[in-house]
Structure formats: C-alpha cells, structure tokens
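Just passing along the structure, written as structure tokens.
The values are calculated or read from the model by the stated rules, or taken from the named source; none is laboratory data. Computed from a predicted structure; not experimentally measured. All Cβ positions, glycine included, derive from the backbone under ideal geometry; neighbour counts span all protein chains shown. All accessible areas refer to the heavy atoms of the entire protein, side chains included, with ligands and DNA or RNA removed. Shrake-Rupley method; radii C 1.70, N 1.55, O 1.52, S 1.80 Å.
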Amino acid sequence: MERMTRWFAPWLLMAVTLLSVQTAQARDLPDFTGLVKQAAPGVVNIATTSSVSASSGPYGQQDVPEIFRRFFGDQMPPMPGAPQGEEERKSLGSGFVIRKDGYILTNAHVVKDADEIMVRLNDRRELPAKLVGSDARTDVALLKVDADDLPTLKIGNSDDLEAGEWVAAIGSPFGFDHSVTAGIVSAINRTLPSETYVPFIQTDVAINPGNSGGPLFNLDGEVVGINSQIYTRSGGFMGLSFAVPISVAMNVADQLRTEGHVSRGWLGVVIQPVSKDLAESFGLDGTKGALVSDVSDDSPAQKAGLKAGDVILSADGSDIDDSTTLPRLIGQVAPGDEVSLQVMRGGDQRKVDVTVGDWPDQTAADGSPSSASSNDQTKLGIAISDLSDQEKQQLDIDNGALVRRVDPRGAAAAAGIQPGDVVVSFDQKAIDSADQLIDAVKQADGDRAIPVRIVRDGTSLFVALRLKVGD
C-alpha cells in the first residue's frame, strides 16, 4: 500500500496542478454577461417583406440558388413551366438603436428592395420602420421608427481596435433573437475584392444569416462595428466574418440623416495593381502603389494633370500599399477638399495636388442607384464597362468588355475572372460591349461549362465559367 501511494502521489499532484492552471486560465477569459445585460435592450430584430417575380425558376424565386441571384441579380432568365406573377419574399436581419428618437443602423443589404420593414424591439414591441437612406458602397442603412426614449448603444472608436482583441456580437441568426457570440479581432483594415470603400474588421466571431446589421462590441460594451459579411463555401459560418467599422458607419448615417445621401471623394481614374514586372518597368522598388490605367475626361484627376501610366504612391502622406487602398482613402475625403498625391512618372517622383470631386453616380436617399452608376451596369457578379478608345489603344485590343470589379462569392470569381480582365469572347462568340456580354450570359445554358476568353496583362487565356451551383 505504501509503495502504491508513493507511485500514485506524483500523478495526483500533476493532475491537481493542471486543474489549477486550467481554472486560472478560465478566470482570465472575458465574461460577457455584464456587456449583454447592458447592450441587449438596444439591439433589434429587422424583418422585411418584398415582392418578387415568381417566374424566376420552376419553384419560384425563393427556391433559386443564391449563386444565381448574385450572378444575375433580380433579372433571372425565365424557365419553361415557371409560375407567373409575384410572390412575397421575407428576410430577417439585425440592427441597433443609435438615437433615442428612433434612428436605427443596419446593413443596406438587409433592407434592399424591401416593401415593408418591421422592427422588433427588445421589449417585444413591433414597429414599422421607414428607410431614411442606404449606401450600397459601405453596406450601411439608416432606419427611423416612430418612438421616443429608446435604449441606445454606446458608440466606440473602431480606429483603436487591434488584432487579437476580444469582441462580441449580438444579433438574430436564423431568427433566434438576441443570440450572443464572441471571438477575437483577426485583422483590421481588411480590403475585400468586391468592396473598395470599407476597411473591414475581420473577426472569428460566429456570424450567420440573420446576424447581418447587428452590432460588434469591444469589452467596454462599445459598438465598434456592424456585422456585414462572412466568407463561406457552405452557406454558414466558417471562421471568417467581417464588420463595417463604426467610424465609417456613423459618418454614413450622419450624412443620410442630414443630407439624404452620401458624398464621397472622387478622382476619376481607373487603377490596377502593380505587379512585379510592372514595378520593374516603372522603376519602382516594390509592388506598392496604384497604377493609373485611364483618366476620365473632365475629371478632377485630368484637371490636376494625372496621366495614364502614373503610379500613385501615397495620398496625404498615407502610403498606398495596394491599389485597393486608394479608393478607400479618396472616398474619405470630402468633395471640394484638396488631396496631395505622391506620384511616380517616368522614373521620377512628383507631387500632384488634386481638388477631389463628388461621385457622379450618387445613391439616392431610397437606396436606388442613379442611371449614371458605372458599377451597376451589370448583375453578373462582376462590374463591367465598355472599353474606351484610349483603353483599346493601351491594351492593343479591338473589342471586349472591361471587368471593373468582381464579387468574390459569384460564379465569375469561381472561374478565376479578376478585375482588369477584358472579356473578348463568351461561348465562342466575340464580345464587343458590356451590354452584349450581359445578353450573352442571360441566354447561356447553365448546365455546362462555358468557355470565356479573356485578356489579362496582354495575355489571352480561356477560363471555364459554370453558372450552376455544385457543377
């Protein structure tokens, strides 16, 4: 017995030590109970109803795979035997109160095309909401309900966030009201391929459908972001979620409330990334900067003397580490203000001062893009435009449609199509314009891979485009 005790004692001591360490570690983890009790009353559930065409598929619009909607938008091609007329589509999201007199923040995509918006408060009251305005570029929308003395959330400073910091989200995933999830900030200032105006906060907080528009909190119970997107291949959470910084969202909300629309800076240039070979050809030390491939006529950039071939290295002292950084920095400049650009031209650096203009395609207060919007010319999952004569000359190409932006969740991105590509043929037919490409996709057979020839950096190649999920 004494021998057994001597043998067992060290193991018992080790087990007790490990248990003590685990208990101490558990005590060091953050406790979100106080945060939730304080913040939950200001978080709301948002339900929308919209009328959609019932002829979008054999079983109605609601049964159409999401990838089709993202590729075609609302203009789904009719299928044989599809029911006609209209049907109601209902969706759920989250939001939070920012002013006692009934102003609520959420995502623009939560209330997009909604005919009716209902807000359910923490005390179970349900109130109809009016859309004050929305901004698709930042995915922010401002709602107003007829109520007074509502519980508001404390707004924090998203600029102070650091990677590794604990954060929590409250929302209504799959309709389950006031669900709480927590995690850490994985990265800050994340630029997504389809979103050039938002320096997203990346977290590993579990976000699912219904969480969109809900608040992201720091440990002080302050709102630091609006949960907006997830990266997923399954349709559910996979460890990557993205929030709009509250500093961006509040700026948009203030403009929507006071002006009815959002003004943001505009240069009037088409830019592209600086590859290794391009950097060498322009005499740059690295691949930083934004290469100007075209300058719009009568734009602020043209008036300031910017030219195709210029590489913009910084704006008002902020380095352009990647071409996607430039639109975000310029978008934060108020129209009419001057911005100082550091530009590489012909191997020499120079300063170019530009009086920033206002975007010519401002979004109206109801969230509907104006007819001048170049980014809404197509619902393909890519933003495209016709080639200008200057672009044709620069690219040494006679026909095609220029890809401006790519939705990373769409079929075009899955095929490998990138911003800056020129689509010159679709299904063995030459493409001469953006409209022709749109028509070709609408008429395409989605049951097979479609050969698409593109020109990228002067090189012609084919990609296989599949329009159906799971092919």
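Kindly check whether there is at least one residue in segment 40-57 that is open to solvent by 90 Å² or more (accessible area, probe 1.4 Å), modelled with pLDDT under 95 and at negative phi.
Among the residues of segment 40-57, not one is open to solvent by 90 Å² or more (accessible area, probe 1.4 Å), modelled with pLDDT under 95 and at negative phi, which makes the answer no.
Still on this model: Restricting to segment 254-270, name every residue that is closer than 18 Å to Arg328 by Cβ and either part of a loop (DSSP other than H, G, I, E, B) or open to solvent by less than 50 Å² (accessible area, probe 1.4 Å) (or both).
Answer for segment 254-270, where residues must be closer than 18 Å to Arg328 by Cβ and either part of a loop (DSSP other than H, G, I, E, B) or open to solvent by less than 50 Å² (accessible area, probe 1.4 Å) (or both): Gln255, Val262, Ser263, Arg264, Gly265, Leu267, Gly268, Val269, Val270.
Can you confirm whether Thr138 is modelled with pLDDT of 95 or more and within 17 Å of Ile230 (Cα to Cα)?
So Thr138 fails the test.
Is it the case, given these coordinates, that Tyr197 is under 24 Å from Asp159 (Cβ atoms), surrounded by fewer than 17 Cβ atoms within 10 Å (Cβ to Cβ), of a type in the set (Ser, Thr, Tyr) and at pLDDT below 85?
Criteria not met by Tyr197.
Do any helices (runs of 4 or more DSSP H) lying entirely in segment 276-364 carry at least 1 residues that are surrounded by fewer than 14 Cβ atoms within 10 Å (Cβ to Cβ), and which ones are they?
276-281, 300-304
So which residues in segment 117-126 are without any contact (Cβ under 8 Å) to a residue 24 or more places away in the chain and either assigned to a strand (DSSP E or B) or buried (at least 22 other Cβ atoms within 10 Å of the Cβ) (or both), if there are any at all?
Scanning segment 117-126 gives a single hit, Glu126.
Right, another one. In segment 405-431, which residue that is in contact (Cβ under 8 Å) with a residue 40 or more places away in the chain and among the basic types (Lys, Arg) is farthest from Ser296 (Cα to Cα)?
Restricting to residues being in contact (Cβ under 8 Å) with a residue 40 or more places away in the chain and among the basic types (Lys, Arg), the top hit is Arg409.
Between Val455, Val403, which is part of a strand (DSSP E or B) and within 30 Å of Thr232 (Cβ to Cβ)?
Just one listed residue meets the conditions, Val403.
Here's something else I'd like to know. From the list Ala279, Ala315, which residue is farther than 30 Å from Arg99 by Cβ and at pLDDT 90 or above?
Answer to the selection: Ala315.
Would you pick out the residues in segment 65-102 that are modelled with pLDDT of 80 or more and open to solvent by less than 40 Å² (accessible area, probe 1.4 Å)?
Hits for segment 65-102 are Gly93, Ser94, Gly95, Phe96, Val97, Ile98, Gly102.
Could you run through segment 273-323 and say how many residues are out of contact with any Leu (no Cβ under 9 Å at 6 or more places or on another chain), under 15 Å from Gln342 (Cβ atoms) and in contact (Cβ under 8 Å) with a residue 40 or more places away in the chain?
Total meeting the criteria: 2.
In segment 133-159, which residues are under 21 Å from the mean Cα position of the chain (by Cα) and among the β-branched types (Val, Ile, Thr)?
Listed by number, the residues that qualify are Thr138, Val140.
Scan segment 141-158 and give yes if some residue there is open to solvent by 10 Å² or more (accessible area, probe 1.4 Å), of a type in the set (Gly, Ala, Ser) and out of contact with any Lys or Arg (no Cβ under 9 Å at 6 or more places or on another chain), otherwise no.
yes
Which number in (1) open to solvent by 10 Å² or more (accessible area, probe 1.4 Å); (2) touching a strand residue (DSSP E or B) at 6+ places or on another chain (Cβ under 7 Å); (3) outside any loop (DSSP other than H, G, I, E, B) marks the one condition that Ser212 misses?
Of everything listed in (1) open to solvent by 10 Å² or more (accessible area, probe 1.4 Å); (2) touching a strand residue (DSSP E or B) at 6+ places or on another chain (Cβ under 7 Å); (3) outside any loop (DSSP other than H, G, I, E, B), Ser212 misses just condition (3).
Condition first: open to solvent by 50 Å² or more (accessible area, probe 1.4 Å), modelled with pLDDT of 90 or more and either in a loop (DSSP other than H, G, I, E, B) or not small (Gly, Ala, Ser) (or both). Can you find one or more residues in segment 217-233 that meet it?
Within segment 217-233 (the criterion being open to solvent by 50 Å² or more (accessible area, probe 1.4 Å), modelled with pLDDT of 90 or more and either in a loop (DSSP other than H, G, I, E, B) or not small (Gly, Ala, Ser) (or both)), the answer is yes, since at least one residue qualifies.
Moving to a separate point now. Hey, Asp177 hits all of (1) modelled with pLDDT under 95; (2) surrounded by fewer than 16 Cβ atoms within 10 Å (Cβ to Cβ); (3) charged (D, E, K, R); (4) within 25 Å of Ala47 (Cα to Cα) but one; which does it fall short on?
(2)
Moving on to the next point. Looking at (1) under 25 Å from Ala136 (Cβ atoms); (2) of a type outside the set (Ser, Thr, Tyr); (3) surrounded by 18 or more Cβ atoms within 10 Å (Cβ to Cβ), which is the one condition that is false for Leu240?
Single failed check for Leu240: (3).
In addition: Give the number of residues within segment 406-426 that are over 21 Å from Thr459 (Cβ atoms) and in a loop (DSSP other than H, G, I, E, B).
Of the residues in segment 406-426, 4 are over 21 Å from Thr459 (Cβ atoms) and in a loop (DSSP other than H, G, I, E, B).
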